[in-house]
Amino acid sequence: MSSIGQLIHALGFDKKLSFYILPIYYLLTVINAVIEGTSMLLLVSLFTSASGGIGNTALPSYIVKIIDILGVSFEFPDFVYFLVIVFGINLITRLALLAFEGVLDVKLRRRLQETVFRRLLLGEWSQVRGFRIGTAVGTNTQESMVVAKYLSSAMKSINCGLSSIVVLVIALSTSIQTTIYLGLSVLPFVFLMKKTFSIQSGLSKESAQLRNSFSADITDRFNGLLQVHVDHNYEYHYKQGIKSQESLMRLDVLIAYCQAIIGSFNTLVPFFALLSFSFWLYFTETIYSPDFALIASVGILGVKAAGQLNGMVAMLGNLSRLSGSLHPVLNALNTVPVKDVQLIGEEVTSIFCNHLSYSYGSKKVIDKATFNTVKGVPLILKGRSGKGKTTLANLISGIDFPDSGTVFYQGASGQKYPSNQYSAHVGFVTQDIYLFGGSLRSNLVADGKYSDEDLWSVLDLVEASDFVRSLGGLDINVAEAGRSLSGGQRRRIGIARALVSGCDILILDEITSGLDKSNKDSVLRLIDKLSKSKVVVMISHEDLPLTQKREYEV
């Protein structure tokens, strides 16, 4: 129940569900159950009535009084007309209840998937950087959909429970002895269901973990598809992608066995009832002569109650079967959001980093680093791989925050802004530029607030306009991850994207790595030009022949 509370709170449904949606839903449930139970009794009375008339059958006295108050005759065909009206009202309430549930299911699924995506997308970088992409995608799609069903099952289980209680109350008012006997006779079944739920819940948790592992494993292979083809080791990568399938199948088969037991509720209930009744007859040597009208009345209510109980058991079964997905979804919903900082309202002209320290777990990667950089003189962060160059760039950009020390952005006015309270306009261009599926225009500017003239001007600046025109212009379709462009082209588009964003600070991570001499010289000329109007920070493991530069060894 605590997990359900956490989910509802994370989805922002607290007050709406408690005060509006659920009260209406369960009130409609009770009304529908009362009308349905009563209509069943009236139908049985119609077909079991003899010469004594319908009013003299096994109908509870309070139902007879209500019919008298309504002025309905127990004679044919008036009673038949009345029964048609009762069943019509029952049909309307039932349709309303099912429509309500359907709309609620859709809203829960949408809200959950959108909320999980937002939490992961806007999570603090120090927390989300370690996510496997496949696991995050699996959590956002499949596991979120499963948990939406879990929430729906929790609400519907209460619905079924309420309906069965209402029908059982009507049954008790018809024959207390018969109803109590039926309840006691199925106690062994209750213990069987409880044990089955417990086993299924444990299996479900393992299954959810393996589903996410499978999603992550195949995502790794698809992300590295080029390497798979270069290696020509297809069978190895295929086996690595499906390595969790054997265990996943075993768990799902065991869950299917549990579902088979739970799904046999309608057969198991009468089996236990008849079995216990048979034992009672055998050992007491009693000859039982039933009142068929009474048996028919209680029996049809029993079938209806059993159906509702079966629904509740199925919903509870779903709760145990689907509960394994709660853990990854709750983890995603509990992702720490990006720190809310104020955007600096003036141009940043310099950066001061004082005694910065940062650790990944117990490993300290930055220890009391102090340096500064200004517009006009690019700063080059140098050092071997793994020494913390990219970490420093992350701290400078403000997507991460130091364990100790401070990053200050200084504006044109001379005012200093600490990075843990303010954010600067930063353009971050990595070695492996990621371009999203869609048009080139949408990759340059997502909000569409720039004119074609502005975009072409930036592309001219980064010497990308010629190849963009040759490919078809701003509206060409870019393949996922930018695979349709060369490495050099992607880097120029990445720089253009940063400039279009209006950045004051431009961070370039190994931007010249892997380029031939001609392309590298071209990029360095561009950096010299950009550094006159931007604060430029570069990450590099090699010497860069820039006109002006400042170096910091990490």
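We did not get these values from a lab; they are worked out from the coordinates using the rules stated. All figures in this text were calculated on a predicted structure; none of them were measured in a lab. Methodologically, a virtual Cβ is constructed for each residue, glycine included, from the backbone with ideal geometry; neighbour enumeration extends over all protein chains shown.
Details
- Where a label projected 7 Å from the Cα of Lys363 along Cα→Cβ would reach, residues of the stretch 531-554 with amide N under 11 Å: none
- Volume of the Cα convex hull of the stretch 342-553, divided per residue and given in Å³: 129 Å³
- Here the gap between Val106 and Ser73, fully extended at 0.36 nm per residue and compared with their Cα-Cα distance, gives a gain of 7.4 nm.
- Label point distance in nm, Ser457-Lys195, each placed 7 Å from Cα along Cα→Cβ: 7.8 nm
- Pairs over the 29 Å Cα-Cα cut-off, from the set Lys205/Lys363; Lys416/Lys529; Lys416/Lys534; Lys205/Lys387; Lys339/Lys534; Lys416/Lys517: Lys205/Lys363; Lys205/Lys387; Lys416/Lys517.
- Gyration tensor verdict on the stretch 22-141 (Cα atoms; rounded if a/c is under 1.5, prolate if a/b is larger than b/c, oblate otherwise): prolate
- One decimal place: the segment Phe222-Asp475 gains 88.5 nm when fully extended, by the rule 0.36 nm per residue minus the C-alpha distance.
- When peptides 355-364, 212-221 are ranked by their average number of other Cβ atoms within 10 Å per residue, the highest-first order is 212-221, 355-364.
- Of all aspartates and glutamates in the structure, those lying under 20 Å Cα to Cα from Lys382, and not within fewer than 8 positions of it along the same chain, are Asp367, Asp400, Asp432, Asp509, Glu510, Asp521, Asp528, Glu542, Asp543, Glu551, Glu553.
- Theoretical gain in end-to-end length, Gln548 to Leu43 [0.36 nm per residue, Cα-Cα removed]: 172.3 nm
- Environment charge of Val106, counting only residues whose C-beta is closer than 13 Å and scoring Lys/Arg +1, Asp/Glu -1: +2
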